[in-house]
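Working notes for the structure below.
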Amino acid sequence: MKLIVGLGNPGKEYEKTRHNAGFMVVDRLAQRHAITGAKTKFRAGMLEGQIAGDKCVLLQPVTFMNRSGQSVSEAVNFYKLNTEDLLIIVDDTALPVGKLRLRAAGSAGGHNGLADIQNLLGTSKYSRLRVGVGDPGRAKQRDYVLGRFSKEEMEELEPALARACDAVECWIREGITEAMNGFNASE
């Protein structure tokens, strides 16, 4: 079983904001694989279904970004998962809009959601898929990530969301190394 977590903030006011790129990918995955029947569990919206021949749990924590670790750690502990079966999907201001970057482990890179997850799991050894949302430039980072994508940025993001779903499917089927080789190099 695989646990795929898209990070974001709950509520209408945060829909389609840069910080909710992880939520957007999970929504696309559920849509692509006709996974329905959402329920609330682990302080998150949760769906269960099959992706790439494997049982998967899709999670969107409702704890707000900076407390994402609460939801993730509850789910990991409940299912008794190894962190090799965990993929976190998150926005990244260090990448141009629509660029993807997969990693098998690493630092939080200044991302509070990842920092909370690492703190509560006690490890940084889990896969993550970073979705580029662009550099805030002179804008305050908080205001930038809580802002919505421009029309032009959405045009760049749309195909990236589909590629992100492809990358998740590859991670499920073939593992993080193959996913990194296939999707990091293609950019």
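Each value in this text was obtained by applying a stated rule to the coordinates, not by laboratory testing. Values in this document were obtained by computation on a predicted structure and should not be read as measured data. FYI the Cβ positions are ideal-geometry reconstructions off the backbone, even for glycines, and counts take in every protein chain you see.
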Here are a few candidate values for percent of Cα pairs over 19 Å apart: (1) 53; (2) 63; (3) 68. Which one was actually calculated from the structure I just gave you? (1)
Restricting to lysines 8 or more places apart or on different chains, can you count the pairs in the range 2-183 with Cα atoms under 21 Å from each other? 19
Footprinting proxy, ARG173, ARG28, ARG130: sorted fewest to most Cβ within 10 Å, the residues are ARG173, ARG28, ARG130
What is the list of residues in the range 46-77 whose amide nitrogen lies under 11 Å from a point 7 angstrom out from the Cα of LYS39, following Cα to Cβ? 46-48
In terms of the charge dipole of the chain, which places +1 on Lys and Arg and -1 on Asp and Glu at the beta carbon, the residue among ASN66, LEU129, ALA164 farthest towards the positive end is ASN66
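For the range 2-183, what is the percent of antiparallel DSSP beta bridges, rounded to the nearest 5? Mind showing how you got there, number by number?
Values: 16 of 30 bridges.
Among the beta bridges of the range 2-183, antiparallel pairing accounts for roughly 55 percent.
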Virtual spin-label span in nm between MET154 and GLU84, 7 Å along Cα→Cβ: 4.1
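If eta is 0.692 mPa s and T is 37 °C, what Stokes-Einstein diffusion coefficient results for the range 111-176, Kirkwood Rh from Cα pairs, in µm²/s? If you can, show how the numbers build up before the last one.
Numbers: Rh = 14.3 Å.
Approximately 230 µm²/s, per Stokes-Einstein.
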